[in-house]
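Student: Got a structure here, written out as structure tokens. Questions coming.
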Amino acid sequence: MISALIHVAMPVGPDAVDQLADTLGALVEGVAAGLVGDAVIIAPAHDPSIDAVAEATGATFVVRSGGTPPWSDGAKAARREWVLCLEAGDVPAEGWIRTIDRFIGTARPELVLGRLRRPHAGLPSRLAAQGESVIGVRAPRAGDLVRRDRLVASAVFTTRLHPRRVNVRLNRG
């Protein structure tokens with residue numbers, strides 16, 4: 001089982017709740033299949049509408065501490081060995097449950113990071129991802145499947161990690 005970490009970058013934005021609902025709705029299939037065990041919603045500030053969504057869905061709501069990356073704060077509240085980092089609005093494409101289940105089921109203990117495809121990310125993000133495939137990754141981003149203990153220990157990785165591609169596409173809801 002995995003925990004889903006969902007970052008809401010702008011909780012007061014007009015589409016924040018709709019984007020969060022799209023992502024949580026897509027995860028319901030994973031819950032029913034026994035893959036997703038819990039969800040953690042991370043936002044930079046407390047917002048009553050986000051809090052209401054979290055309460056209605058049984059997710060944990062975490063307010064980000066300071067300028068740290070959101071994934072570390074969310075991982076502290078997560079309950080599973082693997083966490084899937086998502087931005088509000090990310091929706092996994094068909095077949096994601098089987099592929100992620102196979103990935104975590106066959107991952108060797110030294111494997112820490114898997115990376116899903118985010119074709120909707122801007123050009124700078126896509127170029128950075130190509131460079132990271134060569135030199136390695138220093139910090140997780142949305143679309144990463146990471147062992148929880150590595151995120152709890154630090155918001156950045158102590159050594160550059162080479163992500164293993166997970167053949168799952170994340171769309172925008």
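The values are calculated or read from the model by the stated rules, or taken from the named source; none is laboratory data. Model, not experiment: these values are computed from the prediction. Because the Cβ atoms are built from the backbone with ideal geometry, glycine has one as well, and the counts that use them run over all protein chains shown. Accessible surface areas use protein heavy atoms only, side chains included; no ligands, DNA or RNA. Shrake-Rupley method; radii C 1.70, N 1.55, O 1.52, S 1.80 Å.
Student: Among the listed residues Val91, Val40, which satisfies the condition of being closer than 20 Å to Gly13 by Cα, open to solvent by less than 10 Å² (accessible area, probe 1.4 Å) and at pLDDT 95 or above?
Tutor: The unique qualifying residue is Val40.
Student: As an exercise: evaluate Gly136 against (1) modelled with pLDDT under 95; (2) touching a helix residue (DSSP H, G or I) at 6+ places or on another chain (Cβ under 6 Å); (3) open to solvent by less than 20 Å² (accessible area, probe 1.4 Å) and give the number of the one condition it does not meet.
Tutor: So the condition that Gly136 fails would be (2).
Student: Does His162 fit the bill of being open to solvent by 60 Å² or more (accessible area, probe 1.4 Å), closer than 29 Å to Val28 by Cβ and modelled with pLDDT under 85?
Tutor: No: the conditions fail for His162.
Student: Can you run down the residue pairs with Cβ atoms below 7 Å, 6 or more apart or on separate chains, where the first is in segment 129-149 and at negative phi and part of a loop (DSSP other than H, G, I, E, B) and the partner is at pLDDT below 85 and among the basic types (Lys, Arg)?
Tutor: From residues that are at negative phi and part of a loop (DSSP other than H, G, I, E, B), the pairs are Arg138/Arg160; Ala142/Arg118.
Student: Checking Asp73 against (1) open to solvent by less than 50 Å² (accessible area, probe 1.4 Å); (2) of a type in the set (Asp, Glu); (3) at pLDDT 95 or above, only one condition comes out false. Which one?
Tutor: (3)
Student: Consider only pairs whose beta carbons are under 7 Å apart and that are at least six residues apart or on different chains; among these, list those whose first residue lies in segment 84-106 and is at negative phi and whose second residue is among the aromatic types (Phe, Trp, Tyr) and buried (at least 17 other Cβ atoms within 10 Å of the Cβ).
Tutor: Cys85/Trp71; Ile104/Trp82
Student: Output the residues belonging to segment 44-58 that are out of contact with any helix residue (DSSP H, G or I) (no Cβ under 7 Å at 6 or more places or on another chain) and either open to solvent by 70 Å² or more (accessible area, probe 1.4 Å) or among the small types (Gly, Ala, Ser) (or both).
Tutor: Ala45, His46, Pro48, Ala52, Ala54, Glu55, Ala56, Gly58
Student: Output the qualifying pairs, or none if there are none: Cβ atoms under 6 angstrom, residues six or more apart or on different chains, first residue in segment 1-22 and free of Cβ contacts under 8 Å to residues at least 60 places away in the same chain, second residue surrounded by fewer than 24 Cβ atoms within 10 Å (Cβ to Cβ) and in a loop (DSSP other than H, G, I, E, B).
Tutor: Pairs found: Pro11/Asp47.
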